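Enquirer: Can you read through this structure? Questions will come right after.
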């Protein structure tokens with residue numbers, strides 16, 4: 001693995017929360033994996049494996065792990081035989097923690113960058129994976145435009161995230177679990193309860209899955225989305241059109 005590189009970030013606006021969110025993730029990075037496993041009862045890893053399976057043969061190509069965090073997806077992609085993985089996140093601490101889990105000679109490189117300004121060439125990756133990160137990106141439409149720019153025609157993209165719930169069951173589960181269980185348990189494990197209280201607000205401020213799918217369609221993606229089990233998270237599968 002090459003050394004962690006840093007890309008220029010967009011100039012933040014007055015209401016840009018990126019710096020605060022970055023600091024939050026820097027703080028919880030050392031215990032982030034443990035908190036995820038406990039809070040999801042291990043289901044998050046199964047969701048990630050499902051996402052990689054949807055990439056098909058593209059998983060063996062050049063892949064962007066967007067909002068890569070502690071590199072769970074990067075590790076799985078390397079095990080799957082990816083030619084190369086670019087792991088992008090705006091928290092250097094998260095990337096540093098994740099890099100310790102991988103063989104330094106593995107075909108990946110970490111880049112500290114904002115999802116709204118990716119330091120990649122046009123049409124340079126075969127696939128993009130993003131797990132539970134886009135709702136933390138201000139102006140998510142700019143991040144999607146960047147994904148459309150760097151993904152090759154016919155390339156595949158899979159997003160896992162907590163979208164605004166629209167069904168009674170999903171509202172009940174998210175409202176109960178995220179408002180009460182997540183802050184208590186996540187705070188106990190990491191020592192930063194406020195970071196996990198932020199989760200509820202980030203979901204409330206995010207779009208519905210239908211709105212997110214419509215945004216992808218505006219960028220010439222063919223889109224298919226579904227709720228995962230249990231219905232607190234969703235996955236969106238998209239293929240970039242040949243004319244994009």
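The values are calculated or read from the model by the stated rules, or taken from the named source; none is laboratory data. Small disclaimer: the values here were computed from a predicted structure and weren't measured. As a convention, Cβ positions derive from the backbone with ideal geometry for all residues, glycine included, and neighbour counts pool all protein chains shown.
Enquirer: Having 1 or more residues that are out of contact with any helix residue (DSSP H, G or I) (no Cβ under 7 Å at 6 or more places or on another chain), surrounded by fewer than 20 Cβ atoms within 10 Å (Cβ to Cβ) and at pLDDT below 95 is the bar; report the helices (runs of 4 or more DSSP H) wholly within the stretch 1-98 that clear it.
Expert: 18-28, 32-40, 43-55
Enquirer: Can you tell me how many residues in the stretch 138-187 are over 25 Å from residue 230 (Cα atoms) and at pLDDT below 90?
Expert: Going through the stretch 138-187 one residue at a time, the tally reaches 1.
Enquirer: Within the set of pairs 6 or more residues apart or between chains, which connect a residue that is without any contact (Cβ under 8 Å) to a residue 40 or more places away in the chain inside the stretch 101-120 to a residue that is surrounded by fewer than 21 Cβ atoms within 10 Å (Cβ to Cβ) and assigned to a strand (DSSP E or B) with Cβ atoms less than 9 Å apart?
Expert: Pairs that qualify, where the first residue is without any contact (Cβ under 8 Å) to a residue 40 or more places away in the chain and the partner is surrounded by fewer than 21 Cβ atoms within 10 Å (Cβ to Cβ) and assigned to a strand (DSSP E or B), are 107/84.
Enquirer: Regarding the stretch 146-157, can at least one residue be identified that is assigned to a loop (DSSP other than H, G, I, E, B) and in contact with a helix residue (DSSP H, G or I) (Cβ under 6 Å, 6 or more places away or on another chain)?
Expert: First, pick out the residues of the stretch 146-157 that are assigned to a loop (DSSP other than H, G, I, E, B): none.
Taking every residue of the stretch 146-157 in turn, none turns out to be assigned to a loop (DSSP other than H, G, I, E, B) and in contact with a helix residue (DSSP H, G or I) (Cβ under 6 Å, 6 or more places away or on another chain).
Enquirer: Is it the case, given these coordinates, that residue 56 is closer than 18 Å to residue 236 by Cβ and touching a residue at least 60 places away in the same chain (Cβ under 8 Å)? Spell out how you get there, then give the answer.
Expert: Numbers: closer than 18 Å to residue 236 by Cβ: yes; touching a residue at least 60 places away in the same chain (Cβ under 8 Å): yes.
The answer is yes for residue 56.
Enquirer: Something else: Kindly provide the set of residues from the stretch 204-244 that are in a helix (DSSP H, G or I) and surrounded by fewer than 19 Cβ atoms within 10 Å (Cβ to Cβ), ordered by number. Outline the logic, then answer.
Expert: The initial filter retains those residues of the stretch 204-244 that are in a helix (DSSP H, G or I), namely 204-205, 209-218.
Passing the criteria: 204, 205, 210, 211, 214, 215, 217, 218.
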